[in-house]
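The values are calculated or read from the model by the stated rules, or taken from the named source; none is laboratory data. Being a predicted model, the structure only gives us computed values, none of them experimental. Positions of Cβ are backbone-derived with ideal geometry, glycine not excepted, and every protein chain shown enters the neighbour counts.
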């Protein structure tokens with residue numbers, strides 16, 4: 001028993017097993033095998049290593065963005081002149097990565113809490129029974145009192161009076177001067193895995209350069225100051241169209257970096273996407289076009305609380321940072337090579353299928369490849385494929 005165990009251990013450590021191979025001299029099988037292997041090799045080199053950069057590890061950035069607007073607007077509505085600065089037309093004012101620039105508005109001044117009729121044409125009524133007291137209507141301005149006002153044939157409501165009339169949107173937009181406003185974007189990114197930090201104020205972008213540059217994709221692609229009219233144009237829309245009823249534009253800052261080369265070559269690129277819809281589509285075939293919101297400025301007049309209500313139409317800007325950094329790493333390199341070597345086995349599988357099931361001499365190839373032992377014993381000294389029956393061995 002001890003000798004058997006010793007022999008088993010000796011065989012385990014001192015012997016090596018290798019699979020049996022059959023050399024098949026067949027032109028069709030050989031050509032197919034080499035073509036598949038060349039295809040796999042091309043896939044590994046071109047796709048895995050060159051295109052997908054399978055020899056590098058990757059990391060995404062932690063980023064921060066803040067913005068600053070500059071520019072002054074002017075309006076003259078019914079003889080009332082007004083100058084609009086950054087504090088008036090940017091919402092919110094903290095310089096977030098998502099903000100709105102007002103381009104058009106409807107103003108309702110001197111509103112105070114009281115009872116007044118709804119606008120003519122809205123919430124039509126013929127008697128008080130059509131205006132149930134204490135109820136609200138989805139598109140109404142306040143709580144109905146139960147009274148039908150004969151002069152307007154609309155329901156009386158408890159609301160901020162006079163109620164807002166937003167049926168007519170100013171055209172052309174009141175703040176077309178917003179086209180010449182400028183936007184300054186400051187963006188910082190950090191790639192934690194590679195311990196690299198970068199800013200869009202890269203080498204060469206100093207105070208003098210910023211004071212005179214204006215972003216242009218060809219002549220000044222790294223300038224962080226953008227003219228609003230140019231942003232809208234590069235997003236595929238007309239400024240006048242989007243300024244009238246508002247819209248949304250996405251500004252994408254792309255950091256795609258290869259840290260196998262000089263870190264200073266890691267620089268951002270800017271892209272602009274109109275999120276307003278299809279620029280070729282007519283507004284009259286779309287529902288709920290544009291972007292707007294309301295805000296109010298409250299004040300006291302003769303100890304009575306009043307407010308000025310503005311319905312703001314504007315362009316919403318969303319600044320999105322996308323990033324991908326790469327650097328050589330031995331682990332993904334070996335993984336890519338190992339998986340590529342494994343794919344070479346496809347050639348063997350395909351050629352075996354051809355040889356065993358498609359070629360005219362498939363039975364001969366089967367006998368050469370396999371040794372059958374179900375009911376027969378194999379003579380180790382015989383040629384491949386020959387067998388001896390148990391009866392003949394007795």
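Of the residues 155, 116, 125, which single one is over 24 Å from residue 306 (Cα atoms) and either crowded, with 20+ Cβ neighbours inside 10 Å or modelled with pLDDT under 95 (or both)? Steps first, please.
Values: 155 fails: over 24 Å from residue 306 (Cα atoms); 116 fails: over 24 Å from residue 306 (Cα atoms).
Answer to the selection: 125.
Which of the helices (runs of 4 or more DSSP H) found entirely inside the range 174-260 contain at least 3 residues meeting this: farther than 15 Å from residue 316 by Cβ and in the same structural domain as residue 103 (by TED's automatic domain parsing)? First the steps, then the outcome.
Details: elements: 207-212, 228-234, 239-245.
Here the list reads 207-212, 228-234.
How many residues, within the range 52-90, are over 30 Å from residue 329 (Cα atoms), outside any strand (DSSP E or B) and at pLDDT below 90? Please lay out each step first, then the result.
From the range 52-90, those over 30 Å from residue 329 (Cα atoms) are 65-90; that's our starting set.
Keeping just the survivors that are outside any strand (DSSP E or B) gives 71-72, 78-79, 85-89.
Within this subset, residues satisfying the condition of being at pLDDT below 90 are 78-79.
Residues meeting the conditions: 2.
State whether the residues of the range 331-349 include one that is in contact (Cβ under 8 Å) with a residue 24 or more places away in the chain, touching a strand residue (DSSP E or B) at 6+ places or on another chain (Cβ under 6 Å) and more than 30 Å from residue 113 (Cα to Cα).
yes
For the range 162-191, which positions are farther than 25 Å from residue 228 by Cα and modelled with pLDDT under 95?
162, 163, 164, 165, 166, 167, 168
Suppose we filter 232, 202 for residues that are surrounded by fewer than 18 Cβ atoms within 10 Å (Cβ to Cβ), touching a residue at least 40 places away in the same chain (Cβ under 8 Å) and farther than 14 Å from residue 321 by Cβ; which single one remains? Working first, answer last.
Details: 232 fails: surrounded by fewer than 18 Cβ atoms within 10 Å (Cβ to Cβ).
Within the list 232, 202, the selection yields 202.
For the condition at negative phi, assigned to a helix (DSSP H, G or I) and in contact with a helix residue (DSSP H, G or I) (Cβ under 8 Å, 6 or more places away or on another chain), what is the one hit in 24, 40?
40
Can you give me the number of residues within the range 344-359 that are within 41 Å of the chain's Cα centre (by Cα) and not in a helix (DSSP H, G or I)? Give the steps one after another, and end with the answer.
Taking the range 344-359 as the starting set, the residues that turn out to be within 41 Å of the chain's Cα centre (by Cα) are 344-347, 349-350.
From what is left, the residues that are not in a helix (DSSP H, G or I) are 344.
Residues flagged as within 41 Å of the chain's Cα centre (by Cα) and not in a helix (DSSP H, G or I) within the range 344-359 amount to 1.
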